[in-house]
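So the structure is just underneath, and the comments pick up after that.
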Amino acid sequence: MKRPMDLAYEYIKERILNGTFLPSQKLNESDLAKEIGVSRNTIKKALLKLEQEHLVQTEENKGATVKAYTLEEVLNYFEIREALEELIINSSTLRLSDEAIQKLETIHEQMGIYLNEGKFDDYSSLNKEFHKIIYEACSNQQAVEMVNMIKAQLMKYHLRTILVPGRNVDSYNEHKAILEALKNRDPEAAKKAIRTHIANIRKVIEENHNFLM
């Protein structure tokens, strides 16, 4: 059974990441306590944990609000992620089992099906699973933790990029390039493919920030 603080933390975090709670939106402790069925003190602890993850910001006499990132901050985070993803895939390329490669192939094939059917939420879920398999094979789990933290912070921006015209097909092809490099056990090609993938997401956000931010 989950602790009240964990329930409150997960409840608020999920709504920040899926866009229910919008950037700069005030998070009223009393309202959240009633909504979730916990004490205000529990909400305070949950908000403190979310502040440590840079998803919430608090100001004296103003309370807590959902963290709003500037375009420059978002692009900087993606630049950091690009470097970390290269490090991760360099480690994972020769460590992935044949079974893991097969899973990646199956996932990528299903991603194509969801793309053709316009099931973008399902596509995004498989996208996360695709990267998770790569992360699990990495010997540097600290780098993985840092990437996951960045991805959590920027999830609400990242999820909407698939709605930019042409981005869905580009994303699918970028994952295909990553998969081919991994199948060939070619770390340099894998690093180039992941670098291109992250750089393209960054470019899409930069060029469409009025829609995505």
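The values are calculated or read from the model by the stated rules, or taken from the named source; none is laboratory data. All values reported here derive from a predicted model rather than from experimental measurement. Glycine also receives a Cβ, built like all others from the backbone with ideal geometry; neighbour counts cover every protein chain displayed. Only protein heavy atoms, including side chains, enter the accessible area calculation; ligands, DNA and RNA are left aside. Shrake-Rupley method; radii C 1.70, N 1.55, O 1.52, S 1.80 Å.
Taking 7 Å steps out from each Cα toward its Cβ at Ser30 and Ile101 produces label points 6.2 nm apart.
Rounded to whole numbers, the Karplus 3J(HN,Hα) couplings from phi for the stretch 59-65 are 10, 4, 6, 10, x, 9, 9 Hz, using 6.51 cos²θ - 1.76 cosθ + 1.60 with θ = phi - 60°, and x at Gly and Pro. Legend: P(r) of the stretch 134-213 from all alpha carbon pair distances, 10 Å bins from 0, whole percents, reading 17, 43, 34, 6. Each Lys and Arg Cβ is given +1 and each Asp and Glu Cβ -1; about its Cα centre, the chain then shows a dipole of about 520 debye.
Convex hull volume of the Cα atoms of the stretch 114-162, normalised per residue: 63 Å³.
Just so you know, the Rg over Rh for the chain is 1.01, from Cα atoms, with Rh as the Kirkwood radius. Given in Å, the Rg to one decimal and the Dmax to the nearest whole number for the Cα atoms of the stretch 161-203 are 10.8, 32.
My understanding is that a pair violates if its Cα-Cα distance is over 31 Å; which of Lys67/Lys203; Lys26/Lys191; Lys103/Lys191; Lys13/Lys62 do that in this structure? Long pairs (Cα-Cα over 31 Å): Lys26/Lys191.
For the stretch 57-213, carbon and sulfur atoms together expose 47% of the accessible surface, with a 1.4 angstrom probe and every protein chain in place.
Once a ≥ b ≥ c are taken as the square roots of the eigenvalues of the Cα gyration tensor of the stretch 70-111, is the result rounded (a/c under 1.5), prolate (a/b larger than b/c) or oblate (a/b not larger than b/c)? Here the stretch 70-111 falls in the oblate category. Across every pair of non-identical alpha carbons in the stretch 71-155, the mean reciprocal distance, once inverted, gives a Kirkwood radius of 13.8 Å. By the helix-only formula, in which each DSSP H run with n ≥ 4 contributes -39500 (n - 2.57) and the sum is divided by residues, the chain has a 222 nm mean residue ellipticity of -24000 deg cm²/dmol. When restricted to Cα atoms, the stretch 1-57 yields an Rg and a Dmax of 10.3, 32 Å, respectively.
Within the same chain, aspartates and glutamates fewer than 8 places from Lys44 are excluded, and of the rest, those with a Cα less than 18 Å from its Cα are Asp6, Glu10, Glu14, Glu29, Asp31, Glu35, Glu53, Glu59, Glu60. With protein chains left intact and a 1.4 Å probe, residues in the stretch 99-177 average 50 Å² of accessible area per residue.
Reported to the nearest whole Å, the Cα centre-to-centre distance from the stretch 6-32 to the stretch 116-133 is 24.
The Glu14 and Glu117 beta-carbon pair, evaluated with R₀ = 22 Å, returns a calculated FRET efficiency of approximately 0.30.
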